[in-house]
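None of the figures in this text is laboratory data; all of them are computed from the coordinates on show. Fair warning: this is a prediction, and the values are worked out from it, not measured in the lab. Note that each Cβ is placed from the backbone with ideal geometry, even for glycine, and that neighbours are counted across all protein chains shown.
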Amino acid sequence: MTTPRPTDLTADEARRIALRAQGLLGTPNRKAGVRGILRHLGAVQLDTISVLARSHELIPYARLGAVGRRTVEDAYWTTASIGAPSAQPHAFEYWSHAACILPIEEWPHFAFRRRAYRNRPHWNHELPDGAYDQVIKQLRAEGPLTATQLGGAKRTSEWWDWSGAKVAVERALMYGEVVCVERRGWKRIYDLADRAVPDDLLHDELDDTECLRRLVRLAGQSLGVGTRADIADYHRLKGEQVDAVIADSGLVPVTVEGWGKPAWADPAALETPPRGRHRTTLLSPFDSLIWERARTERIFGFTHRLEAYVPKQKRVYGYFAMPVLAGGRLVGRVDPAREGRTLVAKQVTLDGPKAVPAVAQALIEAASWVDCTNVRVERVDTPELHAPLTAELVRALA
């Protein structure tokens with residue numbers, strides 16, 4: 001007799017399902033490594049900010065521990081021979097939740113977005129006459145190139161003042177005629193899609209409905225359980241797009257205690273109760289566990305905002321405050337910096353004295369990962385916890 005799947009979840013069950021779906025509860029698949037994390041999550045967000053490391057490095061670190069940073073980059077961008085005339089890329093970069101690294105097998109799923117860009121009447125940057133054809137011609141003749149090699153990324157030092165070549169190649173990237181399957185030193189390497197994307201994936205045969213259906217299903221699997229807004233946000237779909245396909249997505253409707261909104265779950269996530277070891281780690285503010293702020297508040301009772309773009313005098317928690325995950329809860333925040341071989345916790349927020357050991361552990365592991373030999377705490381929002389946290393760090397580092 002088959003045990004029926006639950007359709008009513010407690011808030012705690014939903015939280016644990018979400019943690020397991022995001023690879024933060026249970027034994028990580030170290031054999032699959034960074035590429036396994038990417039395929040499990042379906043999207044890893046990119047961002048220019050680098051404090052401890054860039055966000056796309058912090059994502060696998062949070063799940064696997066101190067995996068080498070070179071190993072992370074190679075896992076994303078190094079192609080592997082599959083015995084074919086050309087090498088097989090593992091990933092490509094495209095607009096999903098934001099600018100994201102995506103598994104290469106998801107290329108067909110974004111045909112709906114490529115079509116939408118091709119039909120877009122207005123753009124922020126004007127495309128100079130002949131620039132588009134010139135970029136395609138140059139890539140065809142010379143192979144993969146950076147924007148600089150194509151004629152320059154910017155006309156002036158202003159970040160937004162793109163050159164004609166940069167406008168053209170970014171337009172071609174959105175259209176799907178050009179693809180980025182590699183970065184070097186944070187620079188995109190552009191190539192023709194018909195050369196870089198495997199032949200069996202290089203098509204826009206899926207209609208919009210099928211693209212959306214697949215992406216909704218994948219988002220549900222990566223979230224474990226989510227509301228309409230959660231699922232839509234994962235790949236930045238519109239609510240009505242989710243509504244149109246969710247009944248045929250394979251996700252099942254559930255009710256979650258305290259959520260107050262309809263929710264859907266990956267049926268596989270309901271088969272067995274989530275069990276296993278919890279990760280204790282610092283999280284990137286762009287981690288898919290917490291990138292949707294309303295969901296983070298609903299699941300963890302934790303309010304978090306990235307303040308990197310907030311004027312310094314108006315920041316509450318710091319420039320790049322990283323939530324601390326421990327025991328399946330968000331127990332504090334750390335705004336980190338590096339001074340030589342010292343990891344500096346410029347500002348620490350703790351959810352009470354019980355959070356001290358976990359925050360100390362997260363800081364020590366992060367310090368080791370970025371080759372720091374010391375940890376210094378500058379400010380703790382609850383001053384009486386400064387001494388206990390420092391003492392715990394000294395004890396652990398001894």
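A few remarks follow.
- A dipole drawn for region 146-249 from +1 and -1 charges on Cβ atoms has a positive end, and of LEU212, THR227, VAL181 the residue lying farthest that way is VAL181.
- Measuring r between the beta carbons of ARG35 and THR148 and using R0 = 30 Å, the FRET efficiency lands at 0.55.
- Cα lying deepest toward the dipole's positive end in the chain, options ASN374, TRP162, ILE104, charges on Cβ: ASN374
- Relative contact order of region 326-395: 33 percent, from C-alpha pairs under 8 Å at least 6 residues apart in sequence.
- Structural descriptor for the chain: relative contact order 17 percent, calculated from alpha carbon pairs under 8 angstrom and at least 6 residues apart.
- Prolate/oblate/rounded label for region 149-300 (Cα gyration tensor, a/c 1.5): prolate
- Charge tally in the Cβ shell below 14 Å around ALA172, where Lys, Arg are +1 and Asp, Glu are -1, ALA172 excluded: +3
- Between helix 55-64 and the chain there is an angle of about 50 degrees, using the helix long axis and the longest principal axis of the Cα atoms.
- Angle in degrees between helix 164-175 and the longest Cα principal axis of the chain, rounded to the nearest 10: 80 degrees
- Here the Gaussian network model covers the chain, with springs between Cα atoms less than 10 Å apart; of ALA268, ALA232, ALA98, ALA268 fluctuates the most.
- Simple point charges give the picture: +1 on the Cβ of Lys and Arg, -1 on the Cβ of Asp and Glu, and for the chain a dipole about the Cα centre of about 1020 debye.
- Seen from VAL324, the other residues with C-beta closer than 14 Å to its C-beta sum to a net charge of -2, counting Lys and Arg as +1 and Asp and Glu as -1.
- For the options ARG329, ARG140, ARG195, a Gaussian network treatment of the chain with springs between C-alpha atoms closer than 10 Å singles out ARG140 as fluctuating the most.
- With at most 10 other Cβ atoms within 10 Å, longest stretch of the chain clear of loop GluC sites (Glu not before Pro) (DSSP): 272-398
- GNM flexibility winner over the chain from ASN124, ASN374, ASN29 (Cα, springs under 10 Å): ASN124
- Loop-located trypsin sites (Lys or Arg not before Pro) across region 252-305 with a Cβ neighbour count of 10 or fewer within 10 Å are ARG275, ARG277, with loop assigned by DSSP.
- Rounded tilt (10° steps) of 131-142 against the dominant C-alpha axis of the chain: 90 degrees
- When the Cα gyration tensor is reduced to axis lengths a ≥ b ≥ c, the ratio a/c is 1.5 or higher for the chain, and with a/b not above b/c it is classed as oblate.
- Region 18-116 - percent relative contact order, Cα under 8 Å, separation 6 or more: 26 percent
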